[in-house]
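S.K.: The structure is given below, and queries will be raised subsequently.
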Amino acid sequence: MKIITTIDELRDQMRGQLRTAFVPTMGNLHEGHLSLMRLARKHGDPVVASIFVNRLQFGPNEDFDKYPRTFQADVEKLEKEGVYVLFAPTEKDLYPEPQEYRVQPPDTLGNTLEGEFRPGFFGGVCTVVTKLFSCVQPRVAVFGKKDYQQLMIVRNMARQFAMPTEIIGAETFRAEDGLALSSRNMYLSPEERAEAPALYQGLNFVANEIRGGHLDIFSVEREAMAQLSARGWKPDYISVRKRIDLQPPSAGDLAQGTPLVVLAAAKLGTTRLIDNLEI
Ligand code: PAF
């Protein structure tokens, strides 16, 4: 595997590659990321991964400084997966001058759910993904469904800008007890780790209620949030949305069986976890 840090070197290395499959990451790789690499391999060749902790998508009080950086261990994992190039720019390589041009998602999608609780987050994601795509020039790029809203925003962005990159969504990789794998799980104490699957259980509660015909969505969401709060969590949201646009479903949507997804974000101690479940 070649480890490349500069945009110029990456361009030289990738010249003439027309079937590149790309997996952007912020490092601290776990099985979930590796499953993205394997899916990428099915859709293209060579596989290129990136590791870049993108300051633009972190709020001033978020965990940019303490975000886990485990570069050497990440390299070993990617080598085992047969990744061809790891693009790991420094901040100076990727943002040699202040990044004044930004890509913003529309308010309807960018300021709801995660966007409401993490203002500026999706603008930061769209900007760095656009820049990484411009450097790597992939034919396909793989994003995890665990970040459901991010996947949808990136997919819509690629379509609306006619980017020559197909966006592929990968199923969420879960531990045996249901907890979605995430780099932020490593912030959890052993007691919190034991409690953490309750978030996924809450999503299943909502999904089962709705599948069972309980269509007062607001009361189901409230009940699921109350259950989490009673266990010591601080939920930001548990919200049922239409899969097509992540907007709340109307009574008509529910009656017609419009495909839904329930999304959640909640803090356990100081760790904020997100997860979702298609209904
Ligand atoms: O999902 C992530 O790890 C990040 O948001 C991404 C897509 C690598 C952009 O920094």
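S.K.: What is the local net charge at Lys146, summed over the other residues whose Cβ is closer than 14 Å to its Cβ (Lys, Arg +1; Asp, Glu -1)?
M.R.: So the surrounding residues net to -2.
S.K.: What distance in nm lies between label points placed 7 Å from Cα along the C-beta direction at Arg55 and Tyr101?
M.R.: Simple spin-label model gives 2.0 nm for this pair.
S.K.: Ok, one more. For Glu79 paired with Phe161, estimate the spin-label separation in nm (one decimal), with each label point 7 Å from Cα along the Cα-to-Cβ line.
M.R.: Once both label points are built, they end up 3.4 nm from each other.
S.K.: Still on this structure, please answer the following. Percentage of Cα-Cα pair distances in the range 147-253 greater than 16 Å, rounded to whole percent? Walk me through the intermediate numbers first.
M.R.: Working: 3871 of 5671 pairs.
Cα-Cα pairs of the range 147-253 separated by over 16 Å account for 68 percent.
S.K.: Then there is this: Students often get this wrong, so check it: of Lys145/Lys234; Lys80/Lys267; Lys2/Lys146; Lys92/Lys145, which have C-alpha atoms separated by over 32 Å?
M.R.: Lys80/Lys267
S.K.: Just to make sure I understand: if all protein chains stay in place, what is the order of Phe205, Phe117, Phe122 by accessible area at 1.4 Å, largest first?
M.R.: Largest accessible area first, the residues go Phe117, Phe205, Phe122.
S.K.: Just the Cα atoms of the range 178-229: what Rg and Dmax do they give in Å?
M.R.: Values for the range 178-229 (Cα only, Rg and Dmax): 13.0, 37 Å.
S.K.: Something else now. Thr108 versus Gln13, label points 7 Å from Cα toward the beta carbon: distance in nm?
M.R.: Output for this residue pair reads 4.0 nm.
S.K.: Further, regarding this structure: Rg to Rh for the range 58-102: what is it, with Cα atoms only and Rh by Kirkwood?
M.R.: Working: Rg = 14.1 Å, Rh = 13.2 Å.
Here Rg/Rh amounts to 1.07.
S.K.: What does the extension gain come out to for Ala230 and Asp216, with contour length at 0.36 nm per residue minus their alpha carbon separation?
M.R.: 2.9 nm
S.K.: Tell me, how many Å apart are the Cα centres for the range 25-60 and for the range 102-118?
M.R.: 22
S.K.: With a 1.4 Å probe and every protein chain kept in, tell me what percent of the accessible surface of the range 77-170 is carbon plus sulfur.
M.R.: Carbon with sulfur: 51 percent of the solvent-accessible area.
S.K.: Would you mind checking the tilt of helix 198-211 against the longest principal axis of the Cα atoms of the chain, expressed as 0 to 90 degrees and rounded to 10?
M.R.: 60
S.K.: Here's something else I'd like to know. Just how much of Lys234 is accessible, in Å², when a 1.4 Å probe is used and the result is rounded to the nearest 10?
M.R.: Accessible surface of Lys234 is approximately 140 Å².
S.K.: What ratio of Cα Rg to 2.2 N^0.38 Å holds for the range 20-157?
M.R.: Against the compact-globule rule of thumb, the ratio is 1.02.
S.K.: Using only the Cα atoms, work out Rg/Rh for the chain, with Rh taken as the Kirkwood radius, to two decimals.
M.R.: That ratio is 0.97, to two decimals.
S.K.: May I ask you to give the average projected area over all directions of the convex hull of the Cα atoms of the range 1-90, in nm² rounded to one decimal?
M.R.: Quarter of the Cα hull surface area: 6.1 nm².
S.K.: Which values, in whole Å and largest first, are the semi-axes of the equivalent ellipsoid of the range 197-267 obtained as the square root of 5 times each eigenvalue of the Cα gyration tensor?
M.R.: 21, 12, 9
S.K.: Right, something else. Relative to the longest principal axis of the C-alpha atoms of the chain, give the angle of the C-alpha long axis of helix 121-136, reported between 0 and 90° and rounded to the nearest 10°.
M.R.: Computed tilt is about 30 degrees.
S.K.: Angle check, please: helix 148-160 long axis (alpha carbons) against the longest principal axis of the chain (alpha carbons), in degrees 0 to 90, nearest 10.
M.R.: That helix lies at roughly 50 degrees to the long axis.
S.K.: May I pose another question? Rounded to whole Hz and in sequence order, give me ³J(HN,Hα) for the range 212-222 from the Karplus expression 6.51 cos²θ - 1.76 cosθ + 1.60, θ = phi - 60°, writing x for Gly and Pro.
M.R.: Here the 3J(HN,Hα) series is x, x, 7, 9, 7, 4, 4, 6, 5, 4, 4 Hz.
S.K.: In addition: Could you tell me the convex hull volume per residue, in Å³, taken over the Cα atoms of the range 110-175?
M.R.: 90
S.K.: Using only the alpha carbon atoms of the range 150-207, find the Kirkwood hydrodynamic radius as the inverse mean reciprocal pair distance, in angstroms to one decimal.
M.R.: With all distinct Cα pairs of the range 150-207 included, I get 13.8 Å.
S.K.: Also: Using the heavy atoms of the protein chains alone and a 1.4 angstrom probe, what is the accessible area of the chain per residue in square angstrom?
M.R.: Here the per-residue accessible area is 48 Å².
S.K.: For Gln201 and Glu91 in one chain, what is 0.36 nm times their gap in residues minus the Cα-Cα distance, to one decimal in nm? It would help to have the intermediate numbers written out before the result.
M.R.: On the way: separation 110, 0.36 × 110 = 39.60 nm, distance 3.85 nm.
The span from Gln201 to Glu91 would gain 35.8 nm if fully extended.
The values are calculated or read from the model by the stated rules, or taken from the named source; none is laboratory data. These figures come from a predicted structure and were not determined experimentally. Every residue, glycine as well, gets a Cβ built from its backbone with ideal geometry; the counts of neighbours run over all protein chains shown. Side chains are part of the model used for accessible areas, which takes the heavy atoms of the whole protein and leaves out ligands, DNA and RNA. Shrake-Rupley method; radii C 1.70, N 1.55, O 1.52, S 1.80 Å.
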